[in-house]
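Take a look at the structure below.
The values are calculated or read from the model by the stated rules, or taken from the named source; none is laboratory data. All values reported here derive from a predicted model rather than from experimental measurement. All Cβ positions, even for glycine, are placed from backbone atoms using ideal geometry, and neighbour counts span all protein chains on display. Surface accessibility is based on the protein's heavy atoms, side chains included, excluding ligands, DNA and RNA. Shrake-Rupley method; radii C 1.70, N 1.55, O 1.52, S 1.80 Å.
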Amino acid sequence: MKRDAQYFACNTYSYTLSHTAESCLAHLADLGFSGFELMMYPGHLWPPEANATQCSRLRRLIGSRNLQIVTLNMPNIDMNIAGASPEMRSYTLDLLQQIVELAGELQAEGVVIGPGKANPLFSAPRGRLEGFFFSALDRLLPTAEKAGTRLWVENMPFAFIPDADGLMQTLDRFGSDDIGIVYDVANGHFIKEDLADAIRRCRKRLKLVHLSDTGQQVYRHDHVGAGDVPFHVVPPALVEVGHSRRPMLEIISENPDEAILSSTEKLSAMGYARG
């Protein structure tokens, strides 16, 4: 068990191909983590495969080891709520509805969603994409309320709304105070966003911060030190806006234990080891 792990929650992305969600949580708990973001992935945790027995075993593990599922996260490459075809939008919303319901069963506080992706070569008009996004929120919000969870939208460089200010403006136009924002530091850095300013802009909706490293030429979610994210500017900004939730490590590596634990040590030395 590593001491610095207690200051962070951990996303299970790097373990989706090698572990079930249950074995992954047990392994990461042995490393010292107690809060988690479960990635939705076939063979790891996938709503169409998640039967009552699997959910019951997960709940027992969570309870017996005093763990918390902070969020469930959708597989954004496979899904698109702003897709051009109604079939893609319907498929995506059907899966997202199942993810939201599963979040309720696992008592996850939030479900991380993306606003949808535009064709990078020939995008549909912004208003049309926003309409698809709003229609998705209209369908998913009642499901989330019934399940006892919340929708948290993430800034993503491949989404049609990649930046914090754009997300805030769009969500304010939609008009629901129940929708939160997950601010991903690597995603913001990749599009050359000022991280501290973006965190301030998200203040009233900020629910969670994702941490990983990247450069600004090739998009990555690497271990801390592999890119040039200015991590030191983040803790003061979080204090300024009154955000105290443990940040979520979303590090993708073929050697995840080493990558994740080395990142906790480096981040702790930069002021992330709070309380």
Next item on the list: Enter the Cα centre distance for the pair the stretch 1-29 and the stretch 121-166, rounded to the nearest angstrom.
Entry: 28 Å
Margin query: Please compute the length gained on full extension between residue 17 and residue 94, using 0.36 nm multiplied by the number of residues separating them and subtracting their Cα-Cα distance.
Written below: 25.4 nm
Note to self: Ignoring everything except DSSP H segments at least 4 long, calculate the 222 nm mean residue ellipticity for the chain; use -39,500 (n - 2.57) per segment, divide by total residues, nearest 500.
What the structure shows: -12500 deg cm²/dmol
Note to self: Over the chain, how many pairs of lysines fall under 24 Å by alpha carbon, counting only those 8 or more apart in sequence or from different chains?
What the structure shows: 9
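Keeping all protein chains in place, calculate the accessible area per residue for the chain (probe 1.4 angstrom), answer in Å². Intermediate results must be reported in sequence, preceding the final value.
Values: 11920 Å² over 275 residues.
About 43 Å² of surface per residue is accessible.
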Next item on the list: Within the stretch 230-259, list the GluC sites (Glu not before Pro) lying in a DSSP loop whose Cβ has at most 16 other Cβ atoms in a 10 Å radius.
Entry: 254
Check: When the chain is fully extended, how far beyond the present Cα-Cα distance does residue 59 get from residue 257, taking 0.36 nm per residue of separation?
Finding: 68.9 nm
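Counting only protein heavy atoms, what percent of the accessible surface of the chain is carbon or sulfur at a 1.4 Å probe? Could you put the intermediate results ahead of the total?
Values: 5890 of 11920 Å².
Solvent-exposed carbon and sulfur of the chain make up 49 percent of the total.
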Item checked: Most mobile of 78, 172, 138 in a GNM of the chain (Cα contacts under 10 Å) -> 78
Note to self: Would the chain count as rounded, prolate or oblate if I go by the C-alpha gyration tensor, calling it rounded below 1.5 in a/c and otherwise prolate when a/b exceeds b/c, oblate otherwise?
What the structure shows: oblate
Next item on the list: Considering only 70, 100, 218, give the residue with the highest GNM mean-square fluctuation for the chain, with springs between Cα atoms whenever their separation is below 10 Å.
Entry: 218
